[in-house]
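For reference, the structure is listed below as structure tokens.
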Amino acid sequence: MGAGFSGAVIARELAEAGHRPTVIDGRDHVAGNCHTARDPGTGVMVHVYGPHIFHTDDAEVWDYVNAHTPFRPYRHSVRTTVRNRVYSLPLNLLTINQFFGQTLRPDEARAYVEARADTSISEPANFEEQALRFVGPEMYEAFFKGYTEKQWGVDPRELPASILKRLPLRFSYDDNYFAHRFQGIPGAGYTALIESILDHPAIDVHVSTLFQPEMTDRYGHVFWSGPLDGFFGYAHGRLGYRTLDFERFEGTGDWQGCAVMNYGDRDVPWTRITEHRHFAPWESPEGSVLYREFSRACGPDDIPYYPIRLVEEKALLAEYADRAARTEGVTFVGRLGTYRYLDMDVTIRDALDTARAFLDRAPGAAMPAFVTPPL
């Protein structure tokens, strides 16, 4: 169930091993949230559900996707507007010098930031404490506090410190948003990539088709990449997500000069503006398609984007994971099926590992509910 990366990769691996997979998706297209489509008015290749940048250190995954459609080099460029000024992201030596009006060298900047950090915090208990220990109050207030409140809809003191630990602080002028060896975007778009993965005579694809859990008896095994709680009819309650609203507008030529412009001020309602022409720098359309993004709590009829995974959600996840472990004939996969935030390369890696676990199991052996445990 699901024609995104998880469903497509698993189906292809099983088809090449002699199985006859059926792939079902409720949307009218494949590729899930990675779906791309050419805008007829401007000619821009639009990332319909928000931008997706492929980056990985996994050479096998990189070779896998490139075998299906060639990737073009892409270097992700992000800026942020804060207090009517534009700064470089991720936080780097240019950001530090811009923000504090300095001309510091790397060693000087390291000492300068450390002098502003709250060294009384030895074991940060939450996002705010981690930020204060990490960069001090000035940069926390400017670059993290307002954006985080808008993105997650809670006080930063309610978020775990681990979220900020993943964000880099560089004492060089390197503003490449990702640090992975392999980075790029498929030249023909992500939908073409997924279509290629699904292009096998043994794979039967059905879009605009809702899969009901009771349909599992029709198949030898089900790989479910839909919402974990949805499979069980939300019997224990709904797992919490953040969703996104997109306000589309068009421009002429290059409207903002970069792919993504964040807005860190709390009084600006959107979190960022994405300009989609920049996700295909090898093209030169005359027009431009842009999205303002607004983050909010996910309702029953919304598209779930970001799993919240705070204490309450993890307790509920444990209930569903236990129920899944007692359900025969179903393996839960992907971002929604395992209630984890997954980059595309990790999703593909998990899908390959899941398919191989299915193919390599001993005759008569049961397939686990999760190849990668969600907790």
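Just so you know, the Rg over Rh for the stretch 261-352 is 1.09, from Cα atoms, with Rh as the Kirkwood radius. When Cα extents along the principal axes in Å is calculated for this entry, the matching label among [x] 76, 58, 44; [y] 66, 50, 37; [z] 62, 43, 42 is [y].
For the peptides 248-257, 189-198, what is the packing order when you average, over each peptide's residues, the other Cβ atoms within 10 Å and list the highest mean first?
Details: 248-257: 12.6, 189-198: 22.7.
Descending mean neighbour count gives 189-198, 248-257.
I want to verify the translational diffusion coefficient of the stretch 241-297 in µm²/s; compute it with Stokes-Einstein, Rh as the Kirkwood radius over Cα pairs, at 37 °C and 0.692 mPa s.
272
Between the alpha-carbon centres of the stretch 190-258 and the stretch 66-112 there is a gap of 33 Å.
Just to confirm the filter: which trypsin sites (Lys or Arg not before Pro) across the stretch 56-120 are DSSP coil and have at most 15 other Cβ within 10 angstrom of their Cβ?
Numbers: sites: Arg75, Arg79, Arg83, Arg85, Arg110, Arg116; in loops: Arg75, Arg83.
Sites meeting the loop and neighbour criteria: Arg75, Arg83.
Annotation note: GluC sites (Glu not before Pro) in the stretch 307-350 located in DSSP loop regions with a Cβ neighbour count of at most 14 within 10 Å are Glu328.
Every number in this text was worked out from the coordinates using simple rules, so none of it is lab data. A quick note: this is a predicted structure, and the numbers were derived from the prediction, not measured. Note: ideal-geometry Cβ built from the backbone for every residue, glycine included; neighbour counts use all protein chains shown.
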